[in-house]
1. Can you go through Ser224, Ser200, Ser193, Ser245 and tell me which one is part of a loop (DSSP other than H, G, I, E, B) and under 24 Å from the mean Cα position of the chain (by Cα)?
2. Listed residues Ser200, Ser224, Ser207, Ser245; which is of a type outside the set (Phe, Trp, Tyr), within 16 Å of Asp96 (Cα to Cα) and surrounded by 18 or more Cβ atoms within 10 Å (Cβ to Cβ)?
3. Out of Glu141, Glu169, I need the residue that is free of Cβ contacts under 8 Å to residues at least 12 places away in the same chain and within 15 Å of Ile83 (Cα to Cα). Which one?
4. Quick check on the range 172-186. Is at least one of its residues surrounded by 17 or more Cβ atoms within 10 Å (Cβ to Cβ), aliphatic (A, V, I, L, M), modelled with pLDDT under 95 and part of a helix (DSSP H, G or I)?
5. Within the range 227-241, can you find the residues that are surrounded by 19 or more Cβ atoms within 10 Å (Cβ to Cβ) and of a type outside the set (Val, Ile, Thr)?
6. Output the number of residues of the range 144-171 satisfying the condition of being surrounded by 17 or more Cβ atoms within 10 Å (Cβ to Cβ) and among the aliphatic types (A, V, I, L, M).
7. Sort out which residues of the range 200-250 are touching a Leu at 6+ places or on another chain (Cβ under 7 Å) and either farther than 27 Å from Ser185 by Cβ or modelled with pLDDT under 90 (or both), and write them in order of number.
8. Collect the residues in the range 70-92 that are surrounded by 15 or more Cβ atoms within 10 Å (Cβ to Cβ), charged (D, E, K, R) and modelled with pLDDT of 75 or more, keeping them in residue-number order.
Amino acid sequence: MQKKKTLREKLNSKLLEKSDIPVIVFLTVVFSLFFVWRMRKYSPDLSLNLFSELVGVAFTLFIIDTLLVRSKNKLWEIVHVDIDYLISRNINRLRDGIATRAFSFEADVDFSSQDHDQNAKILSTKRAEFLNELENLSEEEVLSRLNIEVFFTEDNYDYFDEKAEDIWEVINMKYSEYLAPELVSQLIDLHTSLKDLGSSIRQYEKSEFLKTHREYYQNAGKQSAAAHLIDLIEILNDLKEAGYSELARD
């Protein structure tokens with residue numbers, strides 16, 4: 001049975017087809033050709049000359065557009081491997097960060113083996129199983145497994161904010177226009193969820209100096225964090241399934 005391609009593999013096999021010339025330009029040329037052709041009964045010589053010129057313009061536009069798209073394809077073939085790795089590495093590190101910082105995940109792995117690559121693969125598999133399990137839990141169940149004492153800290157706020165900026169830099173980098181819309185949409189959702197999780201931590205931290213309503217801010221922060229963690233885990237699992245989660249290169 002043939003192995004099903006991931007979204008990453010499908011997108012990498014696709015060539016860029018987007019035109020750099022606005023559609024209105026092509027429509028204008030087509031309309032002009034039609035109009036000039038209809039004028040031939042009134043002024044055959046003039047209409048024939050104009051028609052020939054417009055055909056030349058249309059052909060030139062087509063050639064230029066084809067060359068531009070081909071040039072983009074060549075450029076994308078050079079950079080897409082590195083960009084895919086950059087995204088995959090960030091996703092893998094974030095999956096580890098969520099598992100350890102939020103839930104103090106510690107895999108049952110025998111690290112006595114000196115095979116670092118094998119240990120890393122086993123750890124990655126165990127973490128994937130853990131995050132897949134969390135994705136199907138309710139907010140209350142996620143909250144019961146959240147390590148409250150170590151999660152709502154300034155250090156974790158800085159961590160998730162930094163990861164959100166890393167994702168935003170990918171979205172806004174020079175070659176982002178070559179990324180598939182499906183991938184960009186998921187990365188934007190990921191960035192937003194990370195920022196929202198940071199807001200949940202800030203909400204919880206208000207309890208430290210707003211003593212009168214301390215319990216309210218703690219509960220609000222915890223409930224909000226649980227909801228955003230579920231969203232984050234779902235997005236991260238989807239990206240892993242799509243092929244965007246990769247261990248750092250040696």
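1. Ser245
2. Ser245
3. Matching residue, one of Glu141, Glu169: Glu169.
4. The answer is yes, given that some residue of the range 172-186 is surrounded by 17 or more Cβ atoms within 10 Å (Cβ to Cβ), aliphatic (A, V, I, L, M), modelled with pLDDT under 95 and part of a helix (DSSP H, G or I).
5. Selection gives His228, Leu229, Leu232, Leu236, Leu239, Lys240.
6. Total satisfying the criteria: 4.
7. Tyr217, Lys222, Ala242, Gly243, Ser245 - these are the residues of the range 200-250 that are touching a Leu at 6+ places or on another chain (Cβ under 7 Å) and either farther than 27 Å from Ser185 by Cβ or modelled with pLDDT under 90 (or both).
8. Matches in the range 70-92: Asp84, Arg89.
The values are calculated or read from the model by the stated rules, or taken from the named source; none is laboratory data. Keep in mind the model is a prediction, meaning the values are calculated, not measured. Heads up, the Cβs are rebuilt from the backbone with ideal geometry, glycines too, and the neighbour counts pull from every protein chain shown.
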